[in-house]
Structures are given as structure tokens and as C-alpha cells.
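Enquirer: Okay, handing you the structure first.
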């Protein structure tokens, strides 16, 4: 399906549409501007509709464990307050109030942004597009293969609420294997926004025309740090929240906890911790277990396969394993931050505080969220230390994947990457 | 592999007295895999399973059960292989299973027995319409090989294929098949269809819509195999499929035969006249709980674990498919075959679980090639 000029077309018309796009885009660029206020208004109205339940049938098709949570999140992210705050925090100060009188620095949209969206969170492609619209850009969005149609519906509704947006939105469900079409879309763009790992970024670099700005949102890793693990029983409430976080995100997000680090040298502490944590994780996993037997069975199969792979590989220095129903704790004797097998299979490692810097620096390009479990009086010191290592988000353990209004993303304000500064001699 | 030989030379493929023969053959295969495939050995060691674990037929579920996903990610083998076949996954995501000569002879013996039982072997020549891939050098999928094999059950006058390889890709040619079929109306020789149910169903729907109804010679058959592929949404219920076959071709319900199999479990499951897949002596089915993987009783839905000692070159002794199914008691069927029958009710999680940014990364790997 293709969304073009506000209407849905069959994918078979792709070539015709791609051929028509350049003059159409050029006309929009020369004749029209998209005021942020119009975009905010439309998005906020959509957010209100979602909150009021107008789109419940659509949300019910999500595979999420809890569509209600998505509804609350969408309503918060799409609220007028959040959007205005986002614009203000992210773009404020980008033009200097003290410009020399001879030159005026004007902030403009990049022009055309080609979004190659990821599919790990429902509705994320639409959010990427919203950021492009807020900065006044024309947006070409290539949907991920895993998109279940919700993005297209949300976007169509947005255009219905504000018809002026139709000149600024093009959505394609082209498979990435259609290199020719991808190349054509890239050629039309001033900026290419790509969500994905190294392979994705590399592929996009090969597509991008010279001078196009690459806006990369790469793979990141999250972890939890327990600063005082000597007495895990005292931490039960925080550990329950951590278990909830792990079970809820199934460790699929960049912000999800992959490895739990304990501030200790002793392996015995790791084992003791697992004994306390396993029942909590088991309970959380039972609460968030996928609705259908098919999804549950899929996760079980994945876990079973990972387990057998570990038996085959023996490459890992496994120091112990705690298997619970629907979850698993894998104790390792090294201290590297690494991706877990996911699906409620968490790595547990030791990381004495004096080694934090050296260990985390080895993964500096991948650091994202640290969930910190720590006594209040030590919290500031650890937070500062993680920030110095290159971590870009430091939260409590339960909020590792929570969305905070006004937050930056992977160390940057997204909107700033979608604009450019134009110098004009006065 | 003397026990395997004994099992595959059973007279009646649905004998209920085969437990001992099966246990011995499974044990023999386990020992072979354990000593010839180092990965299998490590898995068995890790799970604490030895040949002594297998004391009675009830210990069969304790065999290390390898998910098909593992075969997609690792090329496991235990011996040099005669031929290799792949599952039909795309973009590198397929299993490749090697077969040894002994295993292939067993397969041949098994196919003859089962086909005979369902009266598929005939000396009367027939026209074959293959609703699947035309064999091609680059196509190593098991489904193509089995479809070709099925065209040897009765002498072939000719073979027509719906999926033809042109300019580097397969595309379906419904029109070509329809015009060929029109010429076979009232032919003196029967026609046999073999291939994907979805294509066969679409063909019949197209013909019905165009008001083309032909009468094929008595004894014509529709043989179905290879699953419904990407057409789950269009999946016809079997009753309307049979009705349409009668209307469009004059082929009766009893002449429609469905096969079920997987490259990781190359046992020929053929439906009975009541269209149920009874478990033959060469195979055992364990249905496992979707969360704990413990075996569940008959009548309960779970993951389908298929066990056979047929192949020695690859450790596919016990594999877990990504199908969900139920095992029913044989007596519930009524066709007279006493062994339990397997009903496949779907696949695990219909869409791939989406991992962080993996969607884009995966898709773009393709683009960068």
C-alpha cells in the first residue's frame, strides 16, 4: 500500500508515483510552508481521539500485551503540552539571539526526509514521521516489514484531521529488497533517517546521494546496576519493578535491561541474587505472558533454542543458570555488557564499581539506558559516573523503558537533526 | 542400523505393536548421533541424557528435542550425505538436511507402503498437473523434490507445472494450466494434481468464476502437500475445498489426498479416507506444553515434537516444529486405522517477534547485497 496525496494506492502503482514525486515535491517546497502550529494541532487532536477510545478497534489489533498502556503512552506523547515542550526544548537556542547585525541565522527544515523505520515498537514509524512534520519537512516513510498496518491507519487519520499535511507525507510499504525504489526515494531526500543496526546503516550509506545528511538511530544496549547487592532481600520492591520491566518489554527495546550487574567481586553474591530474583521474574513473566498459546509457544521455542545453542557453543563462561517458568537467569563470570538472548532471559554478571569505567567504555557506542538500584545518598555519584562513561539515560530500574516528556533520544535532541541553519546577510 | 531397517520393513505401516522396534531404532540412532555429531553430543551431555535413559517407549519424549530453528541457524551433520534438501524459507532462513543412502532407502520403502495403503500406486498412465515448482538447478527445496516424486506413483504422460522459473524468479501461470485442463476435459486418461493446497484452491476458484467446469476421467486425484504457505488468510475450510473439486473437476472427496511432512521430519504423513493424519510406525508424535515443554495428554493443544530414527546423516531424531497441534486417539477417527492421528491447527506466533530495530536491519541486509 502507498499513501500519496492523502490517498491510498496499491503497491503496483509504485513506479508511476515515484516518477511523479519530484515535480510534486518541488512545487510544495517552492510554494508552501508547514507551520508547526498546524502540525501540533492535528497531532494533538489525534492524541485526544486515541485517549477517548475512538481508535480502540485499531489498537486492539496490536500484539501488545496491554493495548491500554499503549493508549496512555500515545495520549501522553501526542499531547499538545508534550509537543510544545518538545519543540521548545529541542529547538530553543539553536539560533543565537546575539547574531551579529550583518547576518541573520534562520532555522529551516532540511527539506525532504526519507525515514527508514524500524518495527520494534508499534506506531514508532508514525512517531518518526511526526518529528519530521514538526520541523516542517516533507517526509517519505518506508514502513518496516513487520508493520501491521497501524502506521498507515494512524497517518491517514492525521491527514484527515489536517488536509494540509497531505503534501508532506508519502508512505510506501516497499520491501527493502527493491533497491531501485529505495534508491529513488533516497535521491529525493535531503536527510535519511534510519533506525537499525550496523547492517542497516551501512546499506543506507550506500544508497544515500552525496551530501545527504544521515540521521542514524542505531542499536543500543540497556543494563541494570545494583550498587549494594550484599543484601538482596532489602531490595525486593525495586527488584520487583525491574522484573516487571523485563517481562513487559521482553528485552526487545534498546532501553530494555539485557545484563544485570552487581557491584561485587564474589560469584556467590550472583547466585544469591538469582535465588531472590528468579521468583520475582517468574511472577512478572506469568503476569505479562503473551495472550495466545501461539505467542507463548514461540517465546518458549526461542528460549529453548537459545539454551541448546549455549550447550553447543560452550563458548560462554557460564557459571550457572536458573531456569524458571517463562524466564531464565544466566550467570556469567565475566563483566562484559552484552545483549542477552532476550525474551525474559537475563544475564547476571559482576561489575565492581572500580571497573565500571573500563568495562562500559569498551561498549561506548552502544550505551543507552542504565537502570540504577542504589542507596539515595550514593545515587548522584553513580549517576555522574555512568554519564561520564557515555550512558545517555539513567533511570530507576522500573522506569528503564518509560517515556518522559521532554527527554532527549540517544544523547541528542531529535528535532535538531531535522533542521538546518541558513545564513542571510541583512 | 539394523533396528532402523527392521522398523522400516514393517508390513503394516500403522501397526500398533511397533513400540519395541521403534525404541530400539531410536536408541540406535541416538547412539549414532551422540558419537558422530559433536553438537548433538554436547546437547545430550548438557541435558544429562544417555542411551540408558531410553528404557521404555515412555522415555521417548526425553530424547533431546531440537527445534527446527536450530537447524535454520546451524548446519548440523553426523555423516557425509548423499543428497541435501532445504525447507522453503527465504533470505537464508532455511534448514538444510542431509540424507544418507540408508535413510533414503527407508524413505522409498515407507513411501511405497503408505502410497499403497491409500491406493495411490497405479499402472494407468496419467497427466500430472504440478501445483508447485518446476524443478530447477537452483531449487533445492524438499517440497519440489517430493512433488516430483509423487509424479512417479503412476506412469506420467506429461507433467505441467504452475510455477515456472523465468528471469531468475518463479511466477504462477494459472491461465496456462486452465487452457491445458480444458483440453483434458473428457480425456481417456486420468489427471493427477500434486502441490500446494492454496494454488489448487485458487485455480478451482478461478475456473468456477469463469464458469469453466470440466469432467476429468474417473480415478483422477488431487494430491495436496507443502502447506498453505503465505495464504493463511485465504485458507479454505476443507469442506468447501472438496465441494469445489467436485463441481469444477468432478473429483470426489475420496480422491483428494493430503500429505504432511517437513524437511526436518521427512516421514510421509498421508491422510486417511476421513482426512486424518494417522501416525505411522516410523514416527512418534509428542505434543508439548507451550510454556513448560512438558508432554501433554491426547486432546490438548501444544507444540508438535516429531520423532523418527529414519535419518542418520543429520541429528533429526527428535525435532520440534513451529506448528501447534493436537494428538487424537485413533479410535475417534472411525476409518479403521488404530494409531493416533495428528491435527495441525496453526503455527506459533504468526508474525515474527520484532526485536529492537531488527526489522530495518534485516530488511536492509537484503538491499546491501
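Values in this text are rule-based calculations from the coordinates and carry no lab data. Nothing here was measured: the structure is a model prediction, and the numbers come from that model. Cβ: placed from backbone, ideal geometry, glycine included. Neighbour counts: every protein chain shown.
Enquirer: Going out from 0 in 20 Å bins, what whole percent of all Cα-Cα distances in chain B drops into each bin?
Expert: Per 20 Å bin, starting at 0, the Cα pair percentages come out as 27, 57, 15, 0.
Enquirer: Hey, how many Å between the Cα centroid of segment B:146-179 and the Cα centroid of segment A:331-405?
Expert: 58 Å
Enquirer: Something else now. At a 10 Å Cβ-Cβ cut-off, how would you order B:182, B:11, A:71, A:213, fewest neighbours first?
Expert: Final ranking by Cβ density, sparse to dense: B:11, B:182, A:213, A:71.
Enquirer: For segment A:349-426, what log10 I(q)/I(0) values come out of the Debye formula at q = 0.26, 0.28 1/Å, with one point per alpha carbon and no solvent?
Expert: Normalising to I(0) and taking log10 leaves -1.37, -1.45.
Enquirer: Once you treat every alpha carbon in chain A as an equal point and sum by Debye, what is log10 I(q)/I(0) at q = 0.06, 0.07, 0.10, 0.14 Å⁻¹?
Expert: Debye curve over Cα of chain A, log10 I(q)/I(0) at q = 0.06, 0.07, 0.10, 0.14 Å⁻¹: -0.28, -0.39, -0.77, -1.31.
Enquirer: When you have a sec, figure out the Kirkwood radius of segment B:47-126 from all distinct Cα pair distances and drop it here in Å to one decimal? Don't skip to the end; give the middle numbers.
Expert: Numbers: mean 1/r = 0.0621 Å⁻¹.
Kirkwood hydrodynamic radius for segment B:47-126: 16.1 Å.
Enquirer: Let me ask something additional. What's the extension gain from residue B:6 to residue B:294 if we count 0.36 nm per residue and subtract their Cα-Cα distance? Could you put the intermediate results ahead of the total?
Expert: Working: separation 288, 0.36 × 288 = 103.68 nm, distance 3.00 nm.
Stretched out fully, the residue B:6 to residue B:294 stretch lengthens by 100.7 nm.
Enquirer: Under 11 Å from a point placed 7 Å out from the Cα of residue B:47 along the Cα-to-Cβ direction: which residues of segment B:311-339 have their backbone N that close?
Expert: So the set is B:317-320.
Enquirer: Sticking with this structure for a sec: Can you bin segment B:1-154 into rounded, prolate or oblate? Criterion: square roots of the alpha carbon gyration tensor eigenvalues sorted a ≥ b ≥ c, rounded for a/c under 1.5, prolate for a/b above b/c, oblate for the rest.
Expert: Values: a/c = 2.53, a/b = 1.31, b/c = 1.94.
Because a/c hits 1.5 or more and a/b fails to exceed b/c, segment B:1-154 counts as oblate.
Enquirer: Among A:246, A:2, B:57, rank each residue by its count of other Cβ atoms within 10 Å, from fewest to most, as a rough exposure measure. Kindly include the intermediate steps, with their values, before the conclusion.
Expert: On the way: A:246 32, A:2 20, B:57 14.
With the sparsest Cβ surroundings first, the list reads B:57, A:2, A:246.
Enquirer: Along the Cα→Cβ direction, 7 angstrom out, place labels at residue B:206 and residue A:334. What is the inter-label distance in nm?
Expert: So the label points at residue B:206 and residue A:334 sit 5.5 nm apart.
Enquirer: First measure r as the distance between the Cβ atoms of residue A:81 and residue B:108, then evaluate 1/(1 + (r/R0)^6) with R0 = 60 Å and state the FRET efficiency to the nearest 0.05.
Expert: Values: r = 72 Å, r/R0 = 1.21.
Efficiency at R0 = 60 Å is approximately 0.25.
Enquirer: Could you work out, residue by residue across B:64-73, how many beta carbons of other chains sit within 10 Å of that residue's beta carbon, and then give the average as an integer?
Expert: Numbers: counts 2, 2, 3, 7, 2, 8, 7, 1, 1, 3.
Counting Cβ atoms of other protein chains within 10 Å of each residue's Cβ and averaging gives 4.
Enquirer: May I ask what percent, to the nearest 5, of DSSP beta bridges between residues of segment B:64-207 are antiparallel? Walk me through the numbers before you get to the answer.
Expert: Details: 8 of 20 bridges.
Among the beta bridges of segment B:64-207, antiparallel pairing accounts for roughly 40 percent.
Enquirer: For the protein assembly as shown, state the semi-axes of the equivalent ellipsoid (square roots of 5 times the eigenvalues of the alpha-carbon gyration tensor), sorted largest first and rounded to whole angstrom. Walk me through the intermediate numbers first.
Expert: Values: eigenvalues 532, 278, 90 Å².
Values for the protein assembly as shown, descending: 52, 37, 21 Å.
Enquirer: Quote the convex hull volume per residue of segment A:221-399, based on C-alpha atoms, as a whole number of Å³. Please report the intermediate quantities before stating the final value.
Expert: On the way: hull volume 18.4 nm³, N = 179.
Spread over its residues, the Cα hull of segment A:221-399 gives 103 Å³ apiece.
Enquirer: Inside 10 Å of the C-beta atoms of B:289-297, what's the mean count of C-beta atoms belonging to other chains? Could you put the intermediate results ahead of the total?
Expert: On the way: counts 4, 12, 12, 3, 5, 0, 0, 0, 0.
The mean count of partner-chain Cβ atoms within 10 Å per residue comes to 4.
Enquirer: Between residue B:180 and residue B:343, what is the FRET efficiency for a Förster distance of 35 Å, r being their Cβ-Cβ separation, to the nearest 0.05?
Expert: Working: r = 35 Å, r/R0 = 0.99.
Step by step, r from the Cβ atoms, then E = 0.50.
Enquirer: Could I ask something else about it? Based on the Cα coordinates of segment B:102-154, what is the per residue volume of their convex hull in Å³? Let's see the in-between values first.
Expert: On the way: hull volume 5.1 nm³, N = 53.
Residue-normalised Cα hull volume stands at 96 Å³.
Enquirer: Under the Kirkwood approximation applied to all pairs of distinct alpha-carbon atoms, what is the hydrodynamic radius of segment A:6-86 in Å?
Expert: Details: mean 1/r = 0.0645 Å⁻¹.
Result for segment A:6-86 stands at 15.5 Å.
Enquirer: Relative to the compact globular guide of 2.2 N^0.38 Å, what is the alpha carbon radius of gyration of segment B:119-260, as a ratio?
Expert: Working: Rg = 14.1 Å, N = 142, 2.2 N^0.38 = 14.5 Å.
So the Cα radius of gyration is 0.97 times the expected 2.2 N^0.38 Å.
Enquirer: While we're on this one: Which residue fluctuates most in the GNM of chain A (Cα springs below 10 Å): A:190, A:56, A:354?
Expert: A:354
Enquirer: If you average the C-alpha positions of segment A:406-425 and of segment A:130-185 separately, how far apart do those two centres end up, in angstrom?
Expert: Taking the Cα centre of segment A:130-185 as reference, the centre of segment A:406-425 is 21 Å away.
Enquirer: Now for a different question. For labels at residue A:89 and residue B:62 in the simple 7 Å Cα→Cβ model, what's the distance in nm?
Expert: 5.9 nm
Enquirer: What percent does the relative contact order of chain B come to when contacts are Cα pairs within less than 8 Å and at least six residues apart? Please list the in-between numbers first.
Expert: Details: 686 pairs, mean separation 64.1, N = 369.
With pairs under 8 Å counted, the relative contact order is 17 percent.
Enquirer: Nearest 5 is fine: what % of DSSP beta bridges in the protein assembly as shown come out antiparallel, could you say?
Expert: Details: 50 of 111 bridges.
So the antiparallel bridges amount to about 45 percent of the total.
Enquirer: What relative contact order, as a whole-number percentage, does chain A give when Cα pairs under 8 Å and 6 or more residues apart are counted?
Expert: Numbers: 736 pairs, mean separation 80.2, N = 426.
Averaging sequence separation for qualifying contacts and normalising by length gives 19 percent for chain A.
Enquirer: Okay, next question. What nm value, rounded to one decimal, do you get for the distance between residue A:105 and residue A:266 when each label is placed 7 Å out toward the C-beta?
Expert: Simple spin-label model gives 5.6 nm for this pair.
Enquirer: While we're here: By count of other Cβ within 10 Å, fewest leading, how are B:9, B:242, A:92, B:128 ordered? Let's see the in-between values first.
Expert: Numbers: B:9 12, B:242 19, A:92 9, B:128 23.
With the fewest neighbours first, B:9, B:242, A:92, B:128 line up as A:92, B:9, B:242, B:128.
Enquirer: Still on this structure, I have one more. Working from the alpha-carbon coordinates of segment A:338-394, get Rg over Rh, Rh being the Kirkwood radius.
Expert: My calculation puts Rg/Rh at 0.97.
Enquirer: Defining a contact as two alpha carbons under 8 Å apart and six or more residues distant in sequence, what relative contact order in percent does segment B:265-316 show?
Expert: Relative contact order here is 32 percent.
Enquirer: Now for a different question. In deg cm²/dmol, rounded to 500, what helix-only [θ] at 222 nm does chain B give when every DSSP H run of at least 4 residues adds -39500 (n - 2.57) and the total is split over its residues?
Expert: -9500 deg cm²/dmol
Enquirer: Using 1/(1 + (r/R0)^6) with R0 = 41 angstrom and r between the beta carbons of residue B:119 and residue A:11, what's the FRET efficiency to the nearest 0.05? Display every interim value, and only then the final one.
Expert: Details: r = 46 Å, r/R0 = 1.11.
Result of the calculation: an efficiency of 0.35.
Enquirer: Restricting to bridges with both residues inside chain A, how much of the DSSP beta-bridge set is antiparallel, in percent to the nearest 5?
Expert: On the way: 19 of 59 bridges.
In chain A, DSSP labels about 30 percent of beta bridges as antiparallel.
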